Amino acid sequence: MKLSKVFSYSVPFVCLALAPRVHTQSKPDTPESLAFFVGSWHCDGKFTGSGKPISANLKFESILGGKFLLFKHDDEPPFNYHAWSEWGWDTKAGQFVATTQDSAGGVRLFRSPGWISQSLIWTGGSLPDSLDQRFVFERLDSNAFRVSYSYNKDGSWVAVDSSSCNRASTE
């Protein structure tokens, strides 16, 4: 997979749920813990190394009786990355899970223990069980969050990109 494709993955996991304001993990196995994301979002950010800008449009919708969210990510030109993710709570494993399928033909699996204060950290990568990628979502307020993507190199996380996302108007 091309490194440029991997770079644009961070905005999707924008893809991942920043719950209502809490100071500790709160009822992670309920749909409410991901409800903050439901709706449409616009994200603007930059690649850490080059400073090159990146933008994307995101949409989250409740599916399967509210047990999961379907997350659609679409980069804006000049990038052409697109992805669909499903986020939910794995009762048996006692953690959040997210699967992502993308326009480059990739399939990835991420896990998170849940919300800690205003942050949700997803760790995972390509199947079957890679742990070389990380998305950190930080809720800024009721209509904004920041997402950062990094990869693991020799035991250290290397920042790739970061984006600020704002809820799109419902006009």
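Rule-based calculations on the coordinates, nothing more; no lab input. From a predicted model like this one, the values you see are computed outputs, not experimental measurements. Here the Cβ positions follow ideal geometry from the backbone for every residue, glycine too, while neighbour counts run over all protein chains shown.
Points to keep in mind about this one:
- Local net charge near L69, Cβ-Cβ under 11 Å (Lys/Arg +1, Asp/Glu -1): +1
- At an R0 of 22 angstrom, the distance between the Cβ atoms of D132 and K67 translates into a FRET efficiency of 0.20.
- Between A144 and D90, full extension at 0.36 nm per residue minus the direct alpha carbon distance yields a gain of 16.8 nm.
- Coupling constants for the range 55-60 follow from the phi torsions by the Karplus curve (6.51 cos²θ - 1.76 cosθ + 1.60, θ = phi - 60°), and in residue order they are 9, 8, 10, 10, 9, 10 Hz; glycine and proline get x.
- Each residue of the range 35-40 was assigned a 3J(HN,Hα) from its phi angle through the Karplus curve 6.51 cos²θ - 1.76 cosθ + 1.60 (θ = phi - 60°); the sequence is 4, 3, 7, 4, x, 10 Hz, with glycine and proline shown as x.
- Hz values of 3J(HN,Hα) by residue in the range 78-83 - Karplus curve (6.51, -1.76, 1.60), Gly and Pro given as x: x, 8, 10, 7, 9, 8
- Dividing the mean sequence gap of close Cα pairs (under 8 Å, 6+ apart) by how many residues the range 25-171 holds gives a relative contact order of 19 percent.
- Put in order of Cβ neighbour count within 10 Å, fewest first, the listed residues F79, F36, F60 become F79, F36, F60.
- Under-5 Å amide H pairs with Q95, H placed in peptide plane, nonlocal only: D90
- Computed from label points 7 Å out along Cα-Cβ, the spacing between K153 and H42 is 3.3 nm.
- Approximate spin-label separation T99-N166, in nm, with each point projected 7 Å along Cα-to-Cβ: 3.5 nm
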